[in-house]
Amino acid sequence: MPTDIDGHGHGHHDAFDARGDLDAYRREVRAFIAEHGVPMSAEGVRVPRDAEHERQIRAWLAALYAAGHLGAGWPVRWGGRAGHLPGHDLVLMEELIRGNAYRPLDQVMLAAHSLLAFGSEVQRRELLPKIRSGEHIWCQLFSEPEAGSDLAALRTRARPAPDGHGWLVSGQKVWSTDAQWADMGTLLARTDPDIARHAGITAFVIPMTLPGLDIRPIREMTGHAEFCEVFLDDVRVGPEHVLGAVGGGWQVVTSGLASERAFVGAHAVQLERMYADLVAIARAARFGDATVALAHEDVQAKLAEALVRVEEVRLIVRDAVERILVDAEHPSDGPVGKLAYTELNVALTELAMEIMDSAVSIDDSAADVAARWQHNFLWGRALTISGGASEIMRGLIGRQLLGLPRA
Ligand SMILES: Cc1cc2nc3c(=O)[nH]c(=O)nc-3n(C[C@H](O)[C@H](O)[C@H](O)COP(=O)(O)OP(=O)(O)OC[C@H]3O[C@@H](n4cnc5c(N)ncnc54)[C@H](O)[C@@H]3O)c2cc1C
């Protein structure tokens, strides 16, 4: 039962109605995923293995849109569903994780959000249907070697083209997730170097096939290449590529972040799955005397401590979800949830490594679990950086929740 949510003009009733509807929706979406879902090969691994895998992924994303699971919150005119509730998005994400199904790409969801908020009529008409059909995968060309947390320091320049039509864009982007198979990119470039840092930036929506783009995948320590360096050498863009206003790029980026809320509830499910894997590895890791790690008191104590932390994050997430359901979020809900989840995620991978390190053997039956931990150990830290690093989250929480002055 939802607890009282004071002071936001919404009472018990709204949340309770939403809850009743959500149970039915959960059953529906779970069955859909079981029947059609394409499996995730490993956490954070989104780039297709080959052409056939890519076809399956695009068809799966299209199926999620066609069934009204994705894009349901869009205006009805663009394919949204009347009667859609924010809770549906939360349930969808939870069930995708529970069912280990390929998850919608954040970059595509953010592109859709930006197009709906800032796109011209022509851009929406051309680009939104191609998101729904799986034809367009999107990437984000924001970060640069000298501009990440401090994105407004970006230096990629869009200079007016000498022939007077549009701009020529030159510079370098980095950590561009999915750029090697994306069809479209949201690009941030500086159109005016002479005014205040945020004000001179413009957002563009560009086909990734434009001449002058050089896309080089970066291999990570997981062995996978999920993101790229993107070099831009006099890439010609026109007024039709501008998203929002010239000089209005900052509003485009900052508005997109709000659409990440759908992932909050999914974090708790992810941690529950990881905790189950932790117990599984402790049951399968054997010490020199052939006892399993789980039989040892010090391991039990560490697992108990981990369980307490998982429970803490579940409560933090549940609190945020209650507010999302009645449309009464706090600005700090996102940063608190992200910080708590990503840091605990790293701590769990470290504990799993500690257990595996001290074992002399791991039962064959847990080979998959052990491989997952090895991958997650190498991958997990990335989550404490992407979408705003932990230090940045702490700064936001300090200012937004605690009212501390900016350092
Ligand atoms: C998995 C992954 C996927 C990504 N995908 C994309 C993508 O698709 N498109 C894209 O454009 N970018 C992407 N990024 C880049 C991401 O946005 C940046 O890595 C992030 O913003 C941090 O910037 P940075 O790497 O330049 O680190 P920096 O900003 O240089 O930070 C370095 C360190 O300094 C700390 N720091 C920085 N500023 C402060 C401060 N004010 N106070 C306290 N500490 C501070 C940081 O927390 C960090 O520990 C991705 C990153 C990852 C890890």
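Below are the figures for this structure:
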read-out	value
Estimated vicinal HN-Hα couplings, Hz - the stretch 78-86 in sequence order (Karplus 6.51, -1.76, 1.60; Gly, Pro = x)	9, x, x, 10, 5, x, 5, 10, x
Fraction of beta bridges assigned by DSSP in the chain that are antiparallel (%, nearest 5)	85
Difference of contour (0.36 nm per residue) and Cα-Cα distance, residue 218 to residue 245	6.5 nm
Lys, Arg +1 and Asp, Glu -1 on Cβ, resulting dipole of the stretch 257-400 about Cα centre, debye, nearest 20	380
FRET efficiency, residue 130 to residue 53 (Cβ-Cβ, R0 22 Å, nearest 0.05)	0.65
In degrees, nearest ten, helix 51-66 long axis to first principal axis of the chain (Cα)	90
Karplus-derived 3J(HN,Hα), 6.51/-1.76/1.60, for each residue of the stretch 105-120, Hz, glycine and proline x	6, 3, 5, 6, 5, 5, 4, 4, 4, 5, 5, 5, 7, 10, x, 6
Per residue, the convex hull volume that the Cα atoms of the stretch 12-104 enclose (Å³)	101
Solvent-accessible surface (1.4 angstrom probe) belonging to residue 138, in square angstrom, nearest 10	0
For the stretch 160-172, Karplus couplings with θ = phi - 60° (6.51, -1.76, 1.60), whole Hz, Gly/Pro x	x, 5, x, 7, x, 9, x, 10, 10, 9, 9, x, 9
The stretch 138-247, Cα convex hull volume normalised per residue, Å³	93
For residue 225, distant residues with modelled amide H under 5 Å away	220
The chain - convex hull of alpha carbons, volume per residue in Å³	163
Inter-probe distance in nm under a simple model that places probes 7 Å from Cα toward Cβ, at residue 77 and residue 254	2.7
Charge context of residue 107, other residues only, Cβ under 10 angstrom, K/R +1, D/E -1	-1
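The values are calculated or read from the model by the stated rules, or taken from the named source; none is laboratory data. What you see is a predicted model; the values in this text were computed from it and never measured. In this analysis, Cβ positions are derived from the backbone assuming ideal geometry, glycine residues included, and neighbour counts consider all displayed protein chains. Note: accessible area is taken over every heavy atom of the protein model, side chains too, but ligands, DNA and RNA are not part of it. Shrake-Rupley method; radii C 1.70, N 1.55, O 1.52, S 1.80 Å.
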